[in-house]
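Participant: Okay, handing you the structure first.
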Amino acid sequence: MEKMTSWHNTNLRWFVLVLIGVYPLVQFLIGEYPALLGEQIKSYFDVSQAEINYLLTFRSFPNMIMSLIGGLIIDTFGVRRSYVFFGSIVIIGQLLCFVSVIYKHFIWMVIGRFIFGSFESSGFVAESYYINKWFQGKENSLAFGIDTAICRLGSIGAAIIYPYLYQSSNNDLSQCLLICLLIAIISFLIIIILTQIDRCSDIRDKTTDQKLDSVDLRQIRNFSLEFYITLITCVTCYSVFFIFSYNSVEMFKQIYKLNQNVANTIFSIPYYLSAILSPIIGHYVDKKGQNIEILCTASCCQLLAMTIFYSMPECDTESITIPFLGNILNGFFFGTYYAVMWPHIPLIVPSHMVGTGFGLTFSSINIEITIFSFIVSNMLQIENYDNYQQMNYLLLILSLIGFIPLVFLFKNHRTQYHKHIQTQNDDDETTNQIELIVKSKST
């Protein structure tokens with residue numbers, strides 16, 4: 001009976017992980033449409049690439065604060081109530097985006113993206129909280145890796161679905177947005193199922209949804225220096241990836257003369273690689289550790305990718321090699337970085353403030369994305385090679401800034417490791433001396 005219960009609990013946890021992965025899968029599936037349908041949106045609303053970037057900016061802007069507030073909401077009211085609330089807000093935002101196409105008012109789409117983004121990242125905080133709750137110890141990184149693989153399917157699916165749906169519906173943009181709305185509703189229903197399973201599990205284990213006694217932002221001061229250094233590299237590297245990804249399809253068409261289908265395919269390469277690599281890297285970290293070393297390697301891949309894109313000249317004819325190679329490197333970055341970074345955060349924050357730690361991280365990511373996507377949108381008022389190179393130069397500098405803190409953390413961890421080894425050697429030497437003294441007295 002005990003073995004049957006253990007088998008049941010194990011299978012339930014992996015089923016819960018699949019349900020947890022549905023939320024980020026859906027967010028990437030319905031969140032990527034401005035990047036993949038940028039040309040169609042520009043034509044339909046008669047706007048420029050700068051306005052397309054506003055759809056990213058206004059998606060990220062509210063999360064500069066709301067992700068942190070979302071983490072505090074989770075720690076205060078519990079993860080279940082919070083998750084349901086976050087999912088309902090996403091539906092409202094996506095509904096406005098759909099209505100904007102029906103009535104052909106671009107400003108409504110911007111407002112819809114603002115509402116959509118208000119608690120979107122808070123949902124990611126809740127998702128990360130759930131993974132950390134259900135998968136602790138040596139399965140944590142593997143669970144984050146599998147979750148990454150699931151949600152990457154959203155971006156892969158988006159790159160396939162939206163161009164096909166747009167063409168098959170006689171260039172009807174509203175059909176794409178209607179599908180987004182329906183997917184958001186399905187996601188909300190999955191959240192309901194997940195929270196009920198979690199509630200029943202707590203009842204069975206005679207535990208309650210962990211909550212803070214009171215909300216006090218001053219508790220953030222209890223976070224370690226390592227957390228804030230990690231925060232710098234995390235937010236910078238993620239900002240580089242998402243800002244580049246958001247503008248990559250149009251850049252590939254402009255600079256490398258690729259058609260829409262090829263550009264969409266290359267856009268999805270990092271997500272394919274991430275889906276494959278994340279579970280593998282997560283399992284390796286659970287077994288071997290080496291978190292910082294892997295993060296350094298991932299950041300190096302991003303730095304090299306941005307260097308390649310900045311260094312290459314404009315092409316006169318179609319050229320696939322550079323975008324293909326650069327996005328493979330971006331895929332290695334994304335597939336390893338996510339699987340290692342997010343399980344690392346609960347290790348460096350107080351156990352009762354995990355939600356706040358995730359919230360502060362997501363909030364900081366959105367602050368940087370908002371600021372620099374606004375800068376990039378101004379750079380791309382006119383789409384040409386020089387302006388895209390300005391964008392690439394900015395992202396190259398940011399990727400370097402993201403890499404430097406990892407070097408500091410690597411050196412710090414190596415120093416602590418050697419100190420630990422030295423302490424163990426000293427303890428062993430002291431133990432040996434005591435044993436020799438005892439033996440000498442006994443003789």
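Participant: So, of the residues in segment 374-395 that are among the β-branched types (Val, Ile, Thr) and in a helix (DSSP H, G or I), which turns out to be surrounded by the most Cβ atoms within 10 Å (Cβ to Cβ)?
Facilitator: Ranking the candidates gives VAL376 first.
Participant: Answer yes if at least one residue in segment 61-81 is modelled with pLDDT under 85, closer than 21 Å to SER245 by Cβ, in a helix (DSSP H, G or I) and among the aliphatic types (A, V, I, L, M), and no otherwise.
Facilitator: There is at least one residue in segment 61-81 that is modelled with pLDDT under 85, closer than 21 Å to SER245 by Cβ, in a helix (DSSP H, G or I) and among the aliphatic types (A, V, I, L, M).
Participant: Quick check on my filter: what residues within segment 355-373 are out of contact with any Leu (no Cβ under 9 Å at 6 or more places or on another chain) and surrounded by fewer than 22 Cβ atoms within 10 Å (Cβ to Cβ)?
Facilitator: ILE367, ILE371
Participant: Right, something else. Can you spot a residue in segment 43-54 that is assigned to a helix (DSSP H, G or I) and closer than 15 Å to ILE115 by Cβ?
Facilitator: Yes.
Participant: Something else: Go through segment 118-133 and report how many residues are of a type in the set (Val, Ile, Thr) and modelled with pLDDT of 80 or more.
Facilitator: Qualifying residue count, segment 118-133: 1.
Participant: Among the numbered criteria (1) farther than 22 Å from TRP342 by Cβ; (2) surrounded by 24 or more Cβ atoms within 10 Å (Cβ to Cβ); (3) modelled with pLDDT of 80 or more; (4) not polar (S, T, N, Q), which one does GLY87 miss?
Facilitator: That leaves (1) as the condition not met.
Participant: Looking at (1) under 21 Å from ILE197 (Cβ atoms); (2) crowded, with 22+ Cβ neighbours inside 10 Å, find the lone condition where GLY70 falls short.
Facilitator: (1)
Participant: Give LEU304, LEU329 a once-over and let me know the one that is farther than 25 Å from GLY31 by Cβ and out of contact with any Phe, Trp or Tyr (no Cβ under 8 Å at 6 or more places or on another chain).
Facilitator: When all the criteria are applied, what remains is LEU304.
Participant: Can you tell me which residue within segment 304-329, out of those that are assigned to a loop (DSSP other than H, G, I, E, B) and among the aliphatic types (A, V, I, L, M), is farthest from TYR271 (Cα to Cα)?
Facilitator: MET312
Residues checked against (1) of a type in the set (Asp, Glu); (2) surrounded by fewer than 21 Cβ atoms within 10 Å (Cβ to Cβ); (3) modelled with pLDDT of 85 or more; (4) not in a helix (DSSP H, G or I):
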site	(1), (2), (3), (4)
ARG204	no, yes, no, no
THR208	no, yes, no, yes
SER214	no, yes, no, yes
GLN219	no, yes, no, no
GLU226	yes, yes, no, no
ILE229	no, yes, yes, no
SER245	no, yes, yes, no
LYS253	no, yes, yes, no
LYS257	no, yes, yes, yes
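Participant: Condition (residue is in contact (Cβ under 8 Å) with a residue 40 or more places away in the chain and under 18 Å from TYR238 (Cβ atoms)) applied to segment 69-78: is it met by at least one residue?
Facilitator: yes
Participant: Taking segment 301-321, which residues are modelled with pLDDT of 90 or more and either out of contact with any helix residue (DSSP H, G or I) (no Cβ under 7 Å at 6 or more places or on another chain) or farther than 13 Å from PHE403 by Cβ (or both)?
Facilitator: ILE308, PHE309, TYR310 - these are the residues of segment 301-321 that are modelled with pLDDT of 90 or more and either out of contact with any helix residue (DSSP H, G or I) (no Cβ under 7 Å at 6 or more places or on another chain) or farther than 13 Å from PHE403 by Cβ (or both).
Participant: Would you check if TYR238 is modelled with pLDDT under 85, under 30 Å from LEU325 (Cα atoms) and part of a helix (DSSP H, G or I)?
Facilitator: The answer is no for TYR238.
Participant: Would you check if LEU360 is more than 27 Å from ASN222 (Cβ to Cβ) and out of contact with any strand residue (DSSP E or B) (no Cβ under 7 Å at 6 or more places or on another chain)?
Facilitator: Considered against the rule, which asks whether it is more than 27 Å from ASN222 (Cβ to Cβ) and out of contact with any strand residue (DSSP E or B) (no Cβ under 7 Å at 6 or more places or on another chain), LEU360 comes out as no.
Participant: Could you check how many residues of segment 351-369 are over 15 Å from the mean Cα position of the chain (by Cα) and either among the aliphatic types (A, V, I, L, M) or modelled with pLDDT of 75 or more (or both)?
Facilitator: 2
The values are calculated or read from the model by the stated rules, or taken from the named source; none is laboratory data. Keep in mind the model is a prediction, meaning the values are calculated, not measured. We place every Cβ from the backbone using ideal geometry, glycine too, and count neighbours over all the protein chains shown.
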